[in-house]
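The values are calculated or read from the model by the stated rules, or taken from the named source; none is laboratory data. Just so it is clear, the model here is predicted, and its values are computed rather than measured. Positions of Cβ are generated from backbone atoms using ideal geometry, with glycine treated the same way; all protein chains shown enter the neighbour counts.
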Amino acid sequence: MRRIVLWALSTITTLVLLFSYHTSTSSTVSASTRVTTGSNGAGSNGTGSNGTASKGTVPGAGTPQGSGSSGSNGSTGSNGTSGAGGSAGSAAGTAVAGSVVPTRFGNVQVQITVANGKITSASVLQIPNRDRHDIQINNRAVPILNQEVVSAQSADIDMVSGATVTSVAYIQSLQSAIDQAHL
């Protein structure tokens with residue numbers, strides 16, 4: 001009888017401890033949302049998710065080069081990312097922002113730079129960044145998508161495995177930018 005009572009109490013204690021353990025379901029991580037692959041010197045500043053200005057690139061995605069930074073300060077999007085940038089000037093091409101595509105994880109907006117009727121670079125103005133998982137996925141997927149756009153010169157690009165929602169929204173926003181650029 002004692003063993004049964006001891007076993008029941010230890011089982012109940014284990015279950016209580018197991019169910020009372022809370023994993024972190026929300027993390028406060030701010031990430032830069034500006035990703036570029038071109039060398040046109042265009043840039044945009046916006047308000048990051050922590051209320052401070054954020055600007056930067058994803059490692060391995062290339063860095064903007066050139067003299068100075070043209071473009072305009074972005075307006076704050078619904079998920080705290082920067083809004084549309086301005087024109088990069090005639091020497092580097094014209095920046096065209098696609099429409100904002102909402103997803104269940106956040107908004108996606110793509111900008112392309114067009115020079116002489118060709119896409120010279122692609123970048124994201126808005127991308128989901130609500131937690132570390134979003135940031136990790138998008139840090140891997142966005143540079144691949146940007147390179148695919150420049151290679152394909154169209155919105156007929158492959159989606160990135162593991163980033164299907166972002167890829168679909170990216171392609172929709174990209175097609176909108178291509179349509180606006182009359183390519």
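Taking the listed residues Gly68, Gly86, Gly80, the one that is under 19 Å from the mean Cα position of the chain (by Cα), modelled with pLDDT under 90, more than 22 Å from Gln147 (Cα to Cα) and in a loop (DSSP other than H, G, I, E, B) is Gly80, with no other qualifying. Here's a check for you: in segment 1-27, which residue that is of a type in the set (S, T, N, Q) and loosely packed, with under 10 Cβ neighbours inside 10 Å is modelled with the highest pLDDT? The extreme case among them is Ser20.
Considering only segment 149-183, state which residues are within 15 Å of Val114 (Cα to Cα) and either hydroxyl-bearing (Ser, Thr, Tyr) or surrounded by 19 or more Cβ atoms within 10 Å (Cβ to Cβ) (or both). Let's see the steps before the verdict.
Step one: list which residues in segment 149-183 are within 15 Å of Val114 (Cα to Cα), which gives 149-155, 174-183.
If the condition is that a residue be within 15 Å of Val114 (Cα to Cα) and either hydroxyl-bearing (Ser, Thr, Tyr) or surrounded by 19 or more Cβ atoms within 10 Å (Cβ to Cβ) (or both), then Val149, Ser151, Ser154, Ala155, Leu174, Ser176, Ala177, Ile178 are the ones that fit.
I'd like the full set of residues that are over 16 Å from Val108 (Cβ atoms) and assigned to a loop (DSSP other than H, G, I, E, B), limited to segment 146-183. Residues satisfying the conditions are Gln153, Ser154, Asp156, Asp158, Ser161, Ala181, His182, Leu183.
Picking from residues in segment 102-136 that are more than 11 Å from Ala169 (Cβ to Cβ), of a type outside the set (S, T, N, Q) and within 9 Å of the chain's Cα centre (by Cα), the one that is surrounded by the most Cβ atoms within 10 Å (Cβ to Cβ) is Leu125.
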